[in-house]
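The values are calculated or read from the model by the stated rules, or taken from the named source; none is laboratory data. Everything numeric in this text was worked out from a predicted model, so none of it was measured. So basically every Cβ, Gly included, is an ideal-geometry build from the backbone, and we count neighbours across all protein chains shown. For the accessible areas, the whole protein counts, side chains as well, though only heavy atoms, and no ligand, DNA or RNA atoms are used. Shrake-Rupley method; radii C 1.70, N 1.55, O 1.52, S 1.80 Å.
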Amino acid sequence: MSPKNISKAPIGIFDSGYGGLTILSEIRRALPQYDYIYLGDNARAPYGTRSFEIVYRFTLEAVQYLFDQGCQLVILACNTASAKALRTIQQKDLPHIDPNRRVLGVIRPTVEILENITHNGHIGLLGTPGTINSQSYTAEVAKLYPQYTVYGQACPLWVPLIENHEINSEGTNFFVKKYIDELLAQSNLIDTVILGCTHYPLLYPFIRKHLPEHINILSQGQLVANSLKDYLQRHPEIEQRCSLNGQCTFLTTESSQKFTETATFFLQDTITAQQIELG
């Protein structure tokens, strides 16, 4: 089939909530020519404290919805979904749904860059309880860099503080310091810290303030954007199926008005969302 006969569609970007907007923003900055559909399952967020089975089921419903909109490629811009659902969807579901479509996550692109950043292989990981408990980062690091050590620290209050617009409160400063202190107490050798939740870039000034200056901070947006750019160059059979109008559609399972207000805050740009149902 020649490229002109291939049905073209937007790239799907999925997150359980709003954090994936930080990924979307960097992807659109790096690849503005493509069309995107952003889907936030805000009505059922957060995913971070949910079981593997629930996260898998919810994520699969979202992926299927984006496939139904024509998406040939879906990015799970959510660490919890990437940790708890990606592998099962890739191995078990895609062969039956459509083996020509692709679902990618945010963990591997983050881990791949580590060899260029760390000097001693001692890696700190800040994430939701779900991401930390899944051990997905530890497993991915072990596959690529078995000599590295990962120290995980769950930060259960960071996402609620962000989504309740409490970023600049004294409480946020307190809890950022608390979790960072708990991470650093695990090892004084940590020289690189991964922000293992797509919300966390919004806390960057506080995180930088409370981490020693010599510790590198890895934020995922640009890493995922660069990885996607590289992926599309290496996989023209997928790239040719992506539409090129520079447009972005926003979908949410929550109130569209609520999503629009919060997404505008995240993106520093006014957007309009449509409410949909999953499941």
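Summary of computed values
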{"read-out": "Sequence-distant residues sharing a close amide H with ILE37 (under 5 Å, placed H)", "value": "ILE11, GLY12, ILE13, THR249"}
{"read-out": "Approximate shape of the range 1-147 as ellipsoid semi-axes (Cα gyration tensor, √5λ), whole Å, largest first", "value": "26, 19, 16"}
{"read-out": "Relative counts (whole %) of C-alpha pair distances in the range 2-75, using bins that are 5 Å wide", "value": "3, 15, 23, 22, 17, 10, 5, 2, 1, 0"}
{"read-out": "Residue with peak Gaussian network fluctuation, the chain [Cα springs, cutoff 10 Å], from PRO160, PRO109, PRO95", "value": "PRO95"}
{"read-out": "Helix 256-267 axis, angle to the chain major axis (alpha carbon atoms, nearest 10°)", "value": "60 degrees"}
{"read-out": "Correct choice for percent of Cα pairs over 29 Å apart that was computed from the model, options (i) 35; (ii) 30; (iii) 47", "value": "(ii)"}
{"read-out": "With Cα atoms, 0 to 90° folded angle of helix 170-184 axis to the chain main axis", "value": "80 degrees"}
{"read-out": "Selection from ILE11, GLY152, GLN72 lying farthest towards where the dipole of the chain points positive, charges on Cβ", "value": "GLN72"}
{"read-out": "Simple Cβ-charge dipole of the chain, Lys/Arg +1 and Asp/Glu -1, about Cα centre, in debye nearest 20", "value": "460 debye"}
{"read-out": "Helix 220-234 axis, angle to the chain major axis (alpha carbon atoms, nearest 10°)", "value": "40 degrees"}
{"read-out": "Selected from PRO46, LEU24, ALA273, residue furthest toward positive end of dipole (the chain; charges at beta carbon)", "value": "LEU24"}
{"read-out": "Point-to-point label distance, LEU244-GLU213, nm (Cα→Cβ direction, 7 Å offset)", "value": "4.6 nm"}
{"read-out": "Mean-position separation - Cα centroids, the range 96-138 and the range 142-201, in angstrom", "value": "15 Å"}
{"read-out": "Computed helical MRE - 222 nm, the chain, DSSP H runs ≥ 4 contributing -39500 (n - 2.57), nearest 500", "value": "-12000 deg cm²/dmol"}
{"read-out": "Portion, in percent, of the accessible area of the chain that falls on carbon or sulfur, probe 1.4 Å", "value": "49 percent"}
{"read-out": "Computed over the chain: relative contact order in percent, which uses C-alpha pairs under 8 Å that are six or more apart", "value": "28 percent"}
{"read-out": "Per residue Cα convex hull volume in Å³ - calculated over the range 178-243", "value": "116 Å³"}
{"read-out": "Most fluctuating residue given options GLN220, GLN233, GLN64, as computed from a GNM of the chain linking Cα atoms under 10 Å", "value": "GLN233"}
{"read-out": "In order through the range 235-243: 3J(HN,Hα) via Karplus (6.51 cos²θ - 1.76 cosθ + 1.60), integer Hz, x for Gly, Pro", "value": "10, x, 5, 8, 4, 5, 9, 9, 7"}
{"read-out": "Estimated dipole of the range 208-265 in Debye, rounded to 20 [Cβ of Lys and Arg +1, of Asp and Glu -1, Cα centre]", "value": "120 debye"}
